[in-house]
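I have placed the structure first, in the form of structure tokens, so that the comments after it can refer back to it.
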Amino acid sequence: MTLLEAVVLGLVQGLTEFLPISSTAHLRLVPAALGWDDPGAAYSALIQCGTLAAVLVAMRHDVAALARGFLKGVISGRPWGSVESRVAVMIALGTLPIVVVGLAARDFIRGDARDLGLVAVALLGGTILMAAAELVCLARARRSQGGRDGLEAVRLSDALAMGLTQVLALIPGASRSGTTISSGMITGLDRRTAARFSFLLSLPAVGAAGLLEAWQARHEILATGDDVLAAVVGTLIAGVAGYASIRWLLRMLTSHTLWPFIIYRLVLAGLLAWAVATQAGLTRSITA
């Protein structure tokens, strides 16, 4: 991998990890559009460590409060006794589905799940879920009912729903942030609170996946000095861009909807489906 590829892919990862447009889809599509090799699931997971750091920095006050609350809850024997401890436990419970499915379907995730046709389907499916979430919010607004605001308003049902839909993000195109934010909105959270909990929910899943993939593929990813440099540069750039996208999205969702992202995803899914169909037609013509 060249240094230019590392810079571009790090930027793509950082900007798209938290925006509901799917980072893994863009890490698959951008190299294909530029004629580069697929960086692979291992490299994608490695540079996710940069976005993991971005969450820790951008949401450091929440992370510190949750960690303190959880420790106090464990020591006192009342893990459900405070808001912070309760939210920390719900994050742990919400992470279990993606851990179980991720381990069980590891070979599929590394291989067939990165097929561009499947990416297009996942893009469309995630977009439908996001549109449904916005329609639910619109229906609530017409009844003069707002979404629940603040981490103290997050319920176990919200966390479990977001944890289950987070599994969909194992397929490039679905978007981890898009699916989790949407499910949180559907269960009753406001957009900003759903995004805030979604980012916190990403910490154990993204961290574990990135570190595990990096360790297992360390000989491939860090084979040469150039590979090491590409990994470091990509991860650092992903962290900086990820921090900026978190801060921007949290401000944006205070007063705006997901519709701009929904429209973008629809256009992207349509273009990708057209490209896949065109390529398939060319392949049939050549082999005929």
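What follows is calculated from the coordinates using simple rules that are stated; it is not laboratory data. For clarity, every value in this text was computed on a predicted model and none was experimentally measured. Using ideal geometry, Cβ is built from the backbone for each residue, glycine included, and neighbour counts are taken over all protein chains shown.
Farthest towards the positive end of the charge dipole of the stretch 152-244, among the residues GLY178, THR224, GLY239, is the Cα of GLY178, using unit charges on the Cβ of Lys, Arg, Asp and Glu.
In the chain, Cα pairs under 8 Å separated by at least six residues give a relative contact order of 35 percent. Taking 0.36 nm per residue of sequence separation and removing the Cα-Cα distance, the VAL228/THR278 pair yields an extension gain of 14.3 nm. The chymotrypsin sites (Phe, Trp or Tyr not before Pro) of the stretch 68-143 meeting both criteria, a DSSP state outside H, G, I, E and B (loop) and at most 15 other C-beta atoms within 10 angstrom of the site's C-beta, are TRP80.
When +1 charges are put on Lys and Arg Cβ atoms and -1 charges on Asp and Glu Cβ atoms, the dipole computed for the stretch 112-170 relative to its Cα centre reaches about 300 debye.
Which of GLY73, SER198, GLN166 sits farthest toward the positive end of the charge dipole of the chain, with +1 on the Cβ of Lys and Arg and -1 on the Cβ of Asp and Glu? My answer, from the dipole projection, is GLY73. Taking every alpha-carbon pair under 8 Å whose residues sit at least 6 apart, the stretch 168-224 reaches a relative contact order of 20 percent.
Helix 60-76 and the longest principal axis of the C-alpha atoms of the chain enclose an angle of approximately 60°.
So what's the angle, to the nearest 10 degrees on a 0 to 90 scale, between helix 40-58 and the longest Cα principal axis of the chain? The two axes meet at around 30 degrees. Let a ≥ b ≥ c be the square roots of the eigenvalues of the Cα gyration tensor of the chain; is it rounded (a/c under 1.5), or, if not, prolate (a/b larger than b/c) or oblate? In terms of gyration-tensor shape, oblate.
Sorting 44-53, 242-251, 196-205 by average packing, meaning the other beta carbons within 10 Å per residue, from highest down gives 44-53, 196-205, 242-251. Would you please give the FRET efficiency between ALA153 and LEU266, computed as 1/(1 + (r/R0)^6) with r the Cβ-Cβ distance and R0 = 30 Å, to the nearest 0.05? FRET efficiency, ALA153 to LEU266: 0.45. Each part gets one Cα centre, and for the stretch 30-73 versus the stretch 103-164 those centres are 19 Å apart.
Springs between Cα atoms under 10 Å define the GNM used for the chain, and in it the highest mean-square fluctuation of GLY126, GLY163, GLY102 occurs at GLY102.
With a simple spin-label model that places each label point 7 Å from the Cα along the Cα-to-Cβ direction, the separation between ARG142 and TRP248 comes to 3.3 nm.
Working note: 222 nm ellipticity from helices only, DSSP H runs with n ≥ 4, each -39,500 (n - 2.57), summed and divided by the residues of the chain, gives -27000 deg cm²/dmol to the nearest 500.
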